[in-house]
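Visitor: Pasting a structure here, questions to come.
The values are calculated or read from the model by the stated rules, or taken from the named source; none is laboratory data. Here the structure is a predicted model, which means the values were calculated and not measured. We place every Cβ from the backbone using ideal geometry, glycine too, and count neighbours over all the protein chains shown.
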Amino acid sequence: MRVAPIEPGDIVEVDKKGRRFLALVLGFEVDGSVRIEPVCRGISWRQATSRELVRHWKKAARRRAQRDPDQHEAQLDLDLDDD
């Protein structure tokens, strides 16, 4: 897998000696390996090469606060006559 699109804060799936686990990307080493922090307990590996990376999930930016989608002005004005 290409390491270029991976940034710190992203999640990667790593395959080390047949064991697959998810890890948080912390940064990159000079030799091109990726510094990682495993999400699961019991994993002691802290680095992975580009060949050991299987999948990559990008950290998404937060969306701006939006109004409540359930409240539309058109829904509030139902034109009901109280007779």
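Visitor: What number of residues in the range 16-59 are touching a residue at least 24 places away in the same chain (Cβ under 8 Å), surrounded by 15 or more Cβ atoms within 10 Å (Cβ to Cβ) and in contact with an Asp or Glu (Cβ under 7 Å, 6 or more places away or on another chain)?
Guide: Summing the residues that are touching a residue at least 24 places away in the same chain (Cβ under 8 Å), surrounded by 15 or more Cβ atoms within 10 Å (Cβ to Cβ) and in contact with an Asp or Glu (Cβ under 7 Å, 6 or more places away or on another chain) in the range 16-59 gives 4.
Visitor: Enumerate the strands (runs of 3 or more DSSP E) found wholly within the range 1-66, keeping only those where 3 or more residues are among the β-branched types (Val, Ile, Thr). Outline the logic, then answer.
Guide: Working: elements: 11-16, 19-28, 34-38, 53-57.
Counting at least 3 such residues, we get 11-16.
Visitor: While we're on this one: Within the range 55-77, is even one residue at pLDDT 85 or above and not basic (Lys, Arg)?
Guide: Quick first cut of the range 55-77, residues at pLDDT 85 or above only: 55-58.
Within this subset, residues satisfying the condition of being not basic (Lys, Arg) are 56-57.
Yes, the range 55-77 contains a residue that is at pLDDT 85 or above and not basic (Lys, Arg).
Visitor: Answer yes or no as to whether Ser50 is touching a helix residue (DSSP H, G or I) at 6+ places or on another chain (Cβ under 9 Å), of a type outside the set (D, E, K, R) and modelled with pLDDT of 65 or more.
Guide: Numbers: touching a helix residue (DSSP H, G or I) at 6+ places or on another chain (Cβ under 9 Å): no; of a type outside the set (D, E, K, R): yes; modelled with pLDDT of 65 or more: yes.
Spelling it out, it is not the case that Ser50 is touching a helix residue (DSSP H, G or I) at 6+ places or on another chain (Cβ under 9 Å), of a type outside the set (D, E, K, R) and modelled with pLDDT of 65 or more.
Visitor: Given Asp31, Asp10, which one is of a type in the set (Asp, Glu) and over 18 Å from the mean Cα position of the chain (by Cα)? Even if it seems obvious, please write down each step before you answer.
Guide: Numbers: Asp10 fails: over 18 Å from the mean Cα position of the chain (by Cα).
Result: Asp31 is the single residue among Asp31, Asp10 that is of a type in the set (Asp, Glu) and over 18 Å from the mean Cα position of the chain (by Cα).
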